[in-house]
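Okay, structure first, notes after.
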Amino acid sequence: MPSHLLSITDLSYEDIISLLDTASDLKGKRTRGKASSSLKNKTLAMLFEKSSTRTRLSFEVAMTDLGGHSIYLNYKDTQIGRGESMADTARVMSRYVHAIMGRVYKHETLTELAKYATVPIINGLSDLEHPCQLLADLLTIREYKGKFKGLNFSWIGDGNNVCNSAILACALTGMKITVACPEGYEPNYDVVLKAKELGAVVNVIHDPMKAAKNADILSTDVWVSMGDEEEYDQRLRDFKPYQINSKLLEQAKHDVMVLHCLPAHRGEEISADVVDGPNSAVFDQAENRLHVQKALLLKLLAT
Ligand code: CP
Ligand code: NVA
């Protein structure tokens, strides 16, 4: 296991399988009401520059379930908001807590934290990646499909942070990925290059119907990510043909599973009948954030 999780590629295929196995085990134990106190006396600091429902809750509950403690920090309420450097913040926080999870605008904020911290740094979403989300997605895919290799993963919509991690997660697990996005909204160039270097089959196209053909998994995310709000009107126009709806589902395999990291905007990137329909796995996917992050915290923190 690596000492930090900034990118999903910090994990090897073996690390991912081991995390998913632990997560499945913990999920079963939670259902049976079995508690663990493996992280007793351990504290996770959670530093947020952006809003969150799932990431905050799932990490906080994960620490509680494992007998540890978490501290929510809105950066504006800290001295970071008044100009204290990330380097000093990382050094100081490392003297108090056993790990730091950060949700930040710039990915470089996390690399700076990781450079100066002496405790693990976990990416809870940056402009570049959302690796914890993809761990949950992988667990959900494994639960529904029982495998990764050879599956057709189709991403419809913005080539954003979640899309970047999806491309890399597919590369690590042997899924073929096709991204359909409007021109100008392609995924990060270096991410696609890295995925190809890892041996992935990655196609970036502009036709959502073509991308959905024979898909085992259809995934999307909001058209306007946090930080993109000023482009709201333009994005709504540009993304209009990129909705996951029943017409698009007809192109995919009959047992296609639909993923969305949530929050969902029904009527924008996904229609209400699909997100609430029989192919949707979105609430299992959201639940799995808790189980994979518990596995991750155990690997990074348990001594
Ligand atoms: N999917 C996800 O990260 O959700 P939140 O923004 O609510 O944390
Ligand atoms: N791409 C979205 C994901 C939210 C969980 C964002 O960055 O706002």
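The values are calculated or read from the model by the stated rules, or taken from the named source; none is laboratory data. On a predicted model such as this, the values are computed, not experimentally measured, just so you know. Quick reminder, even Gly has a Cβ in these numbers, built from the backbone with ideal geometry, and neighbours come from all protein chains shown. Accessible surface areas use protein heavy atoms only, side chains included; no ligands, DNA or RNA. Shrake-Rupley method; radii C 1.70, N 1.55, O 1.52, S 1.80 Å.
Quick notes on this structure:
- When the range 200-253 is filtered for residues that are part of a loop (DSSP other than H, G, I, E, B), over 21 Å from residue 188 (Cα atoms) and small (Gly, Ala, Ser), the ones remaining, listed by number, are 215, 252.
- Consider the range 146-172 and keep the residues that are open to solvent by 10 Å² or more (accessible area, probe 1.4 Å) and not in a loop (DSSP other than H, G, I, E, B). The one that is nearest to ligand 2 (Cβ to nearest atom) is 161.
- Qualifying position, being more than 15 Å from residue 63 (Cα to Cα), of a type outside the set (S, T, N, Q) and free of Cβ contacts under 8 Å to residues at least 12 places away in the same chain, among 254, 265: 254
- Only one of the numbered conditions (1) free of Cβ contacts under 8 Å to residues at least 24 places away in the same chain; (2) of a type outside the set (Gly, Ala, Ser); (3) at positive phi is not met by residue 197, and that is (3).
- Considering residues of the range 254-268 that are open to solvent by 70 Å² or more (accessible area, probe 1.4 Å) and in a loop (DSSP other than H, G, I, E, B) only, the residue farthest from ligand 2 (Cβ to nearest atom): 254
- Of the listed requirements (1) open to solvent by less than 20 Å² (accessible area, probe 1.4 Å); (2) among the aliphatic types (A, V, I, L, M); (3) within 14 Å of ligand 1 (Cβ to nearest atom); (4) closer than 30 Å to residue 28 by Cβ, residue 222 misses just one: (4).
- Residue count, the range 78-100 (criterion: charged (D, E, K, R) and surrounded by fewer than 12 Cβ atoms within 10 Å (Cβ to Cβ)): 2
- With respect to the stated conditions, residue 126 fails to be buried (at least 20 other Cβ atoms within 10 Å of the Cβ), more than 16 Å from ligand 1 (Cβ to nearest atom) and either assigned to a helix (DSSP H, G or I) or not hydrophobic (A, V, I, L, M, F, W, C) (or both).
- Residue, nearest to residue 105 (Cα to Cα), within the range 27-56, restricted to residues that are within 16 Å of ligand 1 (Cβ to nearest atom) and not in a loop (DSSP other than H, G, I, E, B): 48
- Boolean, residue 100 is touching a helix residue (DSSP H, G or I) at 6+ places or on another chain (Cβ under 9 Å), in a strand (DSSP E or B) and within 16 Å of ligand 2 (Cβ to nearest atom): no
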